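The values are calculated or read from the model by the stated rules, or taken from the named source; none is laboratory data. This is a predicted model, so every value here is computed, not measured. Backbone-built Cβ (ideal geometry, glycine too); neighbour counts: all protein chains shown.
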Amino acid sequence: MENDSREENLDYLKIPDLGETGKIELAKWYISKNMDFAAGDELCDLVTDKAVFSLEAPYSGRILEILIPEKSIVQKEENAAMVRITT
């Protein structure tokens, strides 16, 4: 029986620990469902009381589902999107 390699390449993009104790807002997505992205691409903006941070892709892949809508308050390590890794 063969493994389905597509399932092995699934991952979640997580909200990073920004070192901030206040609220974090996922302000804007730069990608949408079924879009491909490359390692280093800016995927979304995260806003705290002190700064705006861009969430960069750690690898190349495709967005399968965006789990957090824009303008949502998020927690560190929360799953932001489901992706298929392509590299």
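Listed values, structure above:
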{"read-out": "Strands (runs of 3 or more DSSP E) within the chain that include 1 or more residues among the basic types (Lys, Arg) and modelled with pLDDT of 95 or more", "value": "10-14, 24-29, 61-66, 79-85"}
{"read-out": "Residues of the stretch 13-34 satisfying the condition of being surrounded by 14 or more Cβ atoms within 10 Å (Cβ to Cβ), out of contact with any Asp or Glu (no Cβ under 6 Å at 6 or more places or on another chain) and either farther than 14 Å from residue 45 by Cα or of a type in the set (Gly, Ala, Ser) (or both)", "value": "20"}
{"read-out": "Matching residues in the stretch 66-87 - criterion: being under 17 Å from residue 17 (Cβ atoms) and either in contact (Cβ under 8 Å) with a residue 60 or more places away in the chain or of a type in the set (Gly, Ala, Ser) (or both)", "value": "75, 76, 77, 78, 79, 80"}
{"read-out": "Output for the stretch 44-72, where each listed residue is under 14 Å from residue 85 (Cβ atoms) and of a type in the set (A, V, I, L, M)", "value": "57, 63, 64"}
